[in-house]
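Below: one structure, written as structure tokens.
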């Protein structure tokens, strides 16, 4: 029996074909639009938000890999399906409900371990564990080892043989002095002449001695300065056992040998390390910023007078922040009743306020 297509069935088939053709045209248009968009981007990578990735991943999973390969997508099919796998993995991610691991050592205990190892070079891991137990902290030996390793500190045998500069300063504080040069330009008949000023500073008291001023510094001049500093009748280095200085050629072997004869050991600093002579460098900054850089000199006599006035002000009238913001000289209890007067040096450049004695 021949198949006879009823009128309404024919209408449905025609409508379905038209809809399918419309869908194909829409798909072709969207594919072409994606091609144009990719051409306009010029190969640049598009940054998608997490929300956009979720939307595309859900649609991509529904289409499948074969359908995605036929489309001109903005990202590759592997990327789209990878986003979907991450969505699935996130659904079953239990890390938020997972308990913490081994607790981190508190910062206070870490600082104590480092301080104990730094201040006590002979203490090993077990000794540090015992010292911490005395303070109520019970930690394992391996924890101490890990803390010191992370801080870059060696075990006790290695620490014993390495003395830091800070430890050297602390151990010899009372018998340690430092010296350095600074230069000042002085006008003369032939123009500017550079003068070298050599000084020594006692670190514990901050007392300063201007050892010499010369426009022609040489080895003989330095040798005589060494003799003056170590003179048994009042040399500035009588109570010093170490003298810190840089590697200036003026610190000759003869200069160092004269110091050694007076039991003063010369300590040469490493090259390019001004921070290791910080007290001397700070004095240079003070005298230049507070005095010398604010004056013009026309003779060595004028220079000597200005430096002498500043050194007197430095010792008697200047508060030192490194020593509790007090004067170097021991002062009696401040007079609170006398008239306030101002003592001036160098025409008022240096001033000191005090109360007149009753």
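General observations
- Flag for residue 238 being surrounded by fewer than 16 Cβ atoms within 10 Å (Cβ to Cβ) and either modelled with pLDDT under 95 or not assigned by TED's automatic domain parsing to the domain that holds residue 287 (or both): yes
- Per this entry, residue 255 is not counted among residues that are in a loop (DSSP other than H, G, I, E, B) and either under 14 Å from residue 175 (Cα atoms) or assigned by TED's automatic domain parsing to the domain that holds residue 198 (or both).
- Matching residues in the range 260-278 - criterion: being within 20 Å of the chain's Cα centre (by Cα) and either in a helix (DSSP H, G or I) or outside the structural domain of residue 229 (by TED's automatic domain parsing) (or both): 274, 275, 276, 277, 278
- Single condition residue 350 does not satisfy, out of (1) under 25 Å from residue 236 (Cα atoms); (2) at pLDDT 90 or above; (3) in contact with a helix residue (DSSP H, G or I) (Cβ under 8 Å, 6 or more places away or on another chain): (1)
- Checking 105, 73, 126 one by one, the residue that is modelled with pLDDT of 75 or more, part of a loop (DSSP other than H, G, I, E, B) and in contact with a helix residue (DSSP H, G or I) (Cβ under 9 Å, 6 or more places away or on another chain) is 105 and no other.
- Complete set of residues in the range 279-320 that are part of a loop (DSSP other than H, G, I, E, B) and either touching a strand residue (DSSP E or B) at 6+ places or on another chain (Cβ under 8 Å) or not assigned by TED's automatic domain parsing to the domain that holds residue 212 (or both): 291, 296, 298, 299, 317, 318, 319
- Close contacts from the range 194-211, counting a first residue that is on the phi > 0 side of the Ramachandran plot and a second that is surrounded by fewer than 21 Cβ atoms within 10 Å (Cβ to Cβ) and assigned to a strand (DSSP E or B), with Cβ to Cβ under 8 Å and a gap of 6+ residues or different chains, come to 206/320.
- Residues satisfying the stated conditions in the range 247-272, i.e. in contact with a strand residue (DSSP E or B) (Cβ under 7 Å, 6 or more places away or on another chain) and buried (at least 20 other Cβ atoms within 10 Å of the Cβ): 251, 259, 264
The values are calculated or read from the model by the stated rules, or taken from the named source; none is laboratory data. For clarity, every value in this text was computed on a predicted model and none was experimentally measured. When we count neighbours, we look across all protein chains shown, and the Cβ atoms used for this are built from the backbone with ideal geometry, even at glycine.
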